[in-house]
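Here's the structure we're looking at; comments come further down.
None of the figures in this text is laboratory data; all of them are computed from the coordinates on show. Being a predicted model, the structure only gives us computed values, none of them experimental.
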């Protein structure tokens, strides 16, 4: 799962959902927080992380390059 959202930090502004160029995120109607709707389609661009005003979005890369 490339994108992790800390639901305790998230304010539900949906900026990450609106700005995602891959349309990977959507708002969960129950929690009013973003969720991955297409986990394997993430481009790892980091727009969601940059756009989050409270730092709730975190990028989780699939591999570690050293």
Exercise for review: Note down the relative contact order for the chain as a percent, whole number, built from C-alpha pairs under 8 angstrom at least six residues apart.
Suggested key: 44
Point to revise | Rounded, prolate or oblate (a/c below 1.5 giving rounded, otherwise prolate when a/b exceeds b/c) for the range 3-59 by Cα gyration tensor | key: oblate
